[in-house]
């Protein structure tokens with residue numbers, strides 16, 4: 001495979017098992033003049049394993065804005081560049097977007113070198129629908145997490161997240177609140193020695209007594225309970241009518257008796273209408 005200096009090669013690398021790298025990825029890395037790495041100390045282990053001796057340039061979320069102009073200059077000098085992350089496919093919850101956009105602006109071709117991804121690996125063994133949304137890392141504060149999960153709960157498809165293992169119980173509480181009736185797969189340390197998979201109904205999932213260790217990819221199933229799309233104008237009129245006679249709690253319950261709608265969504269709508277001055 002011939003490499004070109006006016007191309008940026010986005011190279012996928014193993015997420016644990018070093019044997020998972022592709023022959024094409026090895027060829028690109030061996031023939032690159034410069035390899036952009038998220039963490040040179042981490043990437044050198046992979047490169048040493050395959051006896052690849054190349055110039056490594058640190059490129060991560062803390063310096064990517066400042067490094068872009070110097071990286072573009074490498075292309076002007078005729079250098080062949082590839083980009084790798086610490087593990088898996090670059091740019092998916094990893095730095096690189098700013099560089100890719102700058103390359104596009106400068107007519108530099110961006111070439112994917114496909115390979116391993118914990119996202120597709122977890123999705124492939126989940127048994128859930130193949131229509132999925134990948135969110136990445138969720139917020140770590142309760143208020144922000146609630147906002148995000150409340151919005152995502154309206155999505156009927158499979159959803160995939162990266163979760164820090166030391167906060168697994170914090171996120172489980174959120175999943176139980178906003179994704180009732182769904183199933184969950186917790187994929188731990190995919191392709192590594194301590195690889196493990198936990199499958200459970202979210203409603204039945206217990207908090208972990210001992211914190212999990214390692215990298216977690218969490219897959220939430222599609223909404224098993226079909227939720228009927230509702231006529232919001234019709235519902236709003238009902239809520240206004242009920243709120244004149246009943247409490248907020250009773251209004252929510254009355255709506256839920258006739259409409260199969262997410263309770264949290266109905267509650268938020270009732271609360272919003274109650275706070276209006278024209279009720």
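The values are calculated or read from the model by the stated rules, or taken from the named source; none is laboratory data. Predicted model, so just to flag it, every value in this text is computed and none were measured. All Cβ positions, even for glycine, are placed from backbone atoms using ideal geometry, and neighbour counts span all protein chains on display.
Worth pointing out:
- All conditions in (1) at pLDDT 95 or above; (2) in contact with a strand residue (DSSP E or B) (Cβ under 8 Å, 6 or more places away or on another chain); (3) in a helix (DSSP H, G or I); (4) under 30 Å from residue 18 (Cβ atoms) hold for residue 115, with the sole exception of (3).
- Test: residue 144 is part of a loop (DSSP other than H, G, I, E, B) and either under 17 Å from the mean Cα position of the chain (by Cα) or in contact (Cβ under 8 Å) with a residue 60 or more places away in the chain (or both): no
- Condition met for residue 67 (surrounded by 13 or more Cβ atoms within 10 Å (Cβ to Cβ), part of a helix (DSSP H, G or I) and without any contact (Cβ under 8 Å) to a residue 60 or more places away in the chain): yes
- For residue 143, the test of being within 14 Å of residue 218 (Cα to Cα), surrounded by fewer than 16 Cβ atoms within 10 Å (Cβ to Cβ) and assigned by TED's automatic domain parsing to the domain that holds residue 191 is failed.
- The one condition from (1) surrounded by fewer than 17 Cβ atoms within 10 Å (Cβ to Cβ); (2) modelled with pLDDT under 90; (3) under 30 Å from residue 125 (Cβ atoms) that residue 212 does not meet is (1).
- Residues of the stretch 26-43 that are free of Cβ contacts under 8 Å to residues at least 40 places away in the same chain and either at positive phi or in contact with a strand residue (DSSP E or B) (Cβ under 7 Å, 6 or more places away or on another chain) (or both): 40 alone.
- Among the residues making up the stretch 85-127, those that are touching a helix residue (DSSP H, G or I) at 6+ places or on another chain (Cβ under 6 Å) and within 16 Å of residue 40 (Cα to Cα) are 86, 88, 95.
- Restricting attention to the stretch 82-109, the residues that are over 21 Å from the mean Cα position of the chain (by Cα), closer than 29 Å to residue 217 by Cβ and either outside the structural domain of residue 11 (by TED's automatic domain parsing) or not in a helix (DSSP H, G or I) (or both) total 1.
- Breaking point among (1) surrounded by fewer than 14 Cβ atoms within 10 Å (Cβ to Cβ); (2) on the phi < 0 side of the Ramachandran plot; (3) in a strand (DSSP E or B); (4) in the same structural domain as residue 169 (by TED's automatic domain parsing), for residue 135: (1)
- Hits in the stretch 7-41 - residues which are assigned to a helix (DSSP H, G or I) and farther than 21 Å from residue 100 by Cβ: 18, 19, 20, 23, 26, 27, 30, 41
- Test: residue in the stretch 231-248 that is under 33 Å from the mean Cα position of the chain (by Cα) and either at pLDDT below 90 or surrounded by 13 or more Cβ atoms within 10 Å (Cβ to Cβ) (or both): yes
- Any hit, the stretch 188-200, residues being in contact with a helix residue (DSSP H, G or I) (Cβ under 6 Å, 6 or more places away or on another chain), within 27 Å of residue 264 (Cα to Cα) and either in contact (Cβ under 8 Å) with a residue 24 or more places away in the chain or surrounded by fewer than 16 Cβ atoms within 10 Å (Cβ to Cβ) (or both): no
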